[in-house]
Amino acid sequence: MIEKLEGYISDLNKFDSHDLNEIESLKIKFLGRKGLINELFSDFKNVPAEQKKEFGQKINELKILAQNKYDVLKSNIKKSSNTISEDFTKPGFPVSSGSLHPITLIKNRIIDIFSKVGFELSEGPEIEDDWHNFTALNLPQHHPARDMQDTFFIQQNPDILLRTHTSSVQVRYLEDNPPPLKIISPGRVYRNEAISSRSHCIFHQIEGIYVDENVSFADLKQMILYFTKSMFGKSKLRFRPSFFPFTEPSAEVDIYWGLETETDYRITKGTGWLEIMGCGMVDPNVLENCNIDSEKYTGYAFGLGLERIAMLIYQIPDIRLFFENDIRFLNQFK
Ligand code: DAH
């Protein structure tokens, strides 16, 4: 009996395989319910008394050996199959994908809305000259309205400045293109303002202008209505008379935001109304400055701040969040 057992032990020691089926049948052969080890245990009663101790020890040895053999061979198979399926082109560390900045998301939405109704995209430089940022827009030297926008000038040359609004792109486009023309111009603008939760010295605007024969204020109102419906799903508007040197008449547009939540109260200061943009009929002086016949052509223009719109849509309480590039903030716009 003992010899038979020792034979099994030496068989097991010699056994080697990379074939899963062979390894599984080894397990069944030795450790299965009707396997050799259980068979040996039931033979135990037939073992002569003086051999019982040795026999018992050897069966246990065989049992442990069989289990270990099985575990080792099986894990070898797993390891080698892992190696085969490993993709060596994968990066060593997990790289999470980025997301568009909320200002870019809003900008893209607005471009989408206006391009559906025929507005083309036009961009201009952030470093501007006095003519395009002020003078051509009906803001001659020493005009008091220049103070409305605190300008960053280049010290060595006061003719060069960081543009204070995207209206400068109007001028550039009007100078180079005969009407009819219909463009929007998104971009970054700069003002020398104290930074707070509501204002920042760098921000973004979108400018729009349409010049053709017989363009009227009614066309402007209709376009803004189309925009607010598409952007906010809201269509109750209010045009408040206002002043901009480059438009006459000028207006500021408020939309009725509602007073349903506490946030609505806070952002509308309890009125339900929110200012979203400036607009008006292009001043004939601006057209003439760009060599466009103001007897023949009229136009409307509008300008809006992207941060303001993004703050409304995403309920962002502080404008500085847009500029800090805190990954915890940006991750929310995936
Ligand atoms: N440029 C103005 C600003 O920065 C915004 C603006 C108002 C643009 C009225 C326009 C307009 O084209 O018609 O505050």
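The values are calculated or read from the model by the stated rules, or taken from the named source; none is laboratory data. Model, not experiment: these values are computed from the prediction. Note that each Cβ is placed from the backbone with ideal geometry, even for glycine, and that neighbours are counted across all protein chains shown. Remember, those area values only see protein heavy atoms, side chains included, never the ligands or the DNA or RNA. Shrake-Rupley method; radii C 1.70, N 1.55, O 1.52, S 1.80 Å.
Note down the Stokes-Einstein diffusion coefficient of segment 2-84 in µm²/s, whole number, using a Kirkwood radius over alpha carbon pairs, 25 °C, and 0.890 mPa s. Could the numbers behind the result be given before it?
Working: Rh = 13.7 Å.
For these conditions, the coefficient is 179 µm²/s.
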Item to check | the chain, relative contact order in percent, only Cα pairs under 8 angstrom and at least six apart counted | outcome: 16
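Given +1 on the Cβ of Lys and Arg, -1 on the Cβ of Asp and Glu, and no further charges, what dipole in debye does segment 102-333 carry about its Cα centre, rounded to the nearest 20?
On the way: 22 positive and 32 negative charges, 200 e Å.
Its charge dipole is roughly 960 debye.
Would you mind counting up the charge near P180? Only other residues with Cβ under 15 Å from its Cβ, with Lys and Arg at +1 and Asp and Glu at -1.
Numbers: positive: K182, K296; negative: E120, D176, D212, E213, D219, D293.
It works out to a net charge of -4.
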Checklist entry - Hey, rough spin-label estimate for F152 and D11, points 7 angstrom out along Cα→Cβ, what's it come to in nanometres? => result 8.6
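Where a ≥ b ≥ c are the square roots of the eigenvalues of the C-alpha gyration tensor, would you call segment 102-333 rounded, which needs a/c under 1.5, or, failing that, prolate if a/b is larger than b/c, or oblate?
Numbers: a/c = 1.72, a/b = 1.24, b/c = 1.38.
Oblate, because a/c is 1.5 or more while a/b does not exceed b/c.
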Checklist entry - Who wins for biggest fluctuation among Y226, Y70, Y265 in a Gaussian network model of the chain, springs between alpha carbons below 10 Å? => result Y70
Item to check | Spatial separation of Cα centroids for segment 234-288 and segment 1-50, in angstrom | outcome: 90
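Full-extension gain between N76 and E22, please, as 0.36 nm times their residue separation minus the C-alpha to C-alpha distance. Walk me through the intermediate numbers first.
Details: separation 54, 0.36 × 54 = 19.44 nm, distance 1.36 nm.
Once the chain is fully extended between N76 and E22, it gains 18.1 nm.
What accessible area per residue comes out for segment 1-94, rounded to a whole number of Å², with a 1.4 Å probe? List each step's numbers first, then the result.
Values: 6860 Å² over 94 residues.
Computed with neighbouring chains in place, this is 73 Å² per residue.
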Item to check | lysines whose Cα lies under 21 Å from that of K34, excluding same-chain neighbours fewer than 8 positions away | outcome: K4, K45, K58, K63, K69
Checklist entry - With every protein chain present, what accessible area does I37 have (1.4 Å probe, heavy atoms only), rounded to the nearest 10 Å²? => result 10
Checklist outcome for this item: In degrees, nearest 10, the alpha-carbon axis of helix 217-232 is tilted away from the dominant principal axis of the alpha carbons of the chain by 20
Item to check | Nearest-ten-degree value, helix 2-14 long axis tilted from longest Cα axis of the chain | outcome: 30
Checklist entry - Going 7 Å from the Cα of N46 toward and past its Cβ, which residues in segment 4-33 have a backbone nitrogen under 18 Å from where you end up? => result 4-8
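Can you classify segment 266-316 as rounded, prolate or oblate using the Cα gyration tensor, where a ≥ b ≥ c are the square roots of its eigenvalues, rounded means a/c under 1.5, and otherwise it's prolate if a/b beats b/c and oblate if not? Display every interim value, and only then the final one.
Details: a/c = 5.26, a/b = 3.01, b/c = 1.75.
Prolate, since a/c reaches 1.5 and a/b exceeds b/c.
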Item to check | Vicinal HN-Hα couplings computed from phi for segment 124-139 (Karplus, 6.51 cos²θ - 1.76 cosθ + 1.60; Hz; Gly/Pro x) | outcome: x, x, 7, 8, 10, 10, 4, 4, 6, 7, 10, 4, 5, 8, 6, 10
Checklist outcome for this item: DSSP beta bridges in the chain: the antiparallel percent, rounded to 5, is 95
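Which percent of the accessible area of the chain is formed by carbon and sulfur heavy atoms (probe 1.4 angstrom)? Walk me through the numbers on the way to the answer.
Numbers: 9690 of 18810 Å².
It is 52 percent, rounded to a whole number.
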Checklist outcome for this item: Rounded to the nearest 10 Å², the 1.4 Å probe accessible area of H200 is 20
Checklist entry - Quick one: helix 52-85 against the long Cα principal axis of the chain, what's the angle to the nearest 10°, folded into 0 to 90? => result 30
Item to check | Y314 accessible area, 1.4 Å probe, all protein chains in place, Å² to nearest 10 | outcome: 80
Item to check | GNM flexibility winner over the chain from F41, F322, F153 (Cα, springs under 10 Å) | outcome: F41
Item to check | Sparse-neighbourhood loop sites, GluC sites (Glu not before Pro) in segment 216-311 - DSSP loop, at most 11 other Cβ within 10 angstrom | outcome: E260, E295
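Working with all protein chains in place, sort C201, C290 by solvent-accessible area computed with a 1.4 Å probe, largest first.
C201, C290
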Next on the checklist: Over the chain, with a Gaussian network built from C-alpha contacts below 10 Å, which listed residue (S97, S250, S168) shows the highest mean-square fluctuation?
Outcome noted: S97
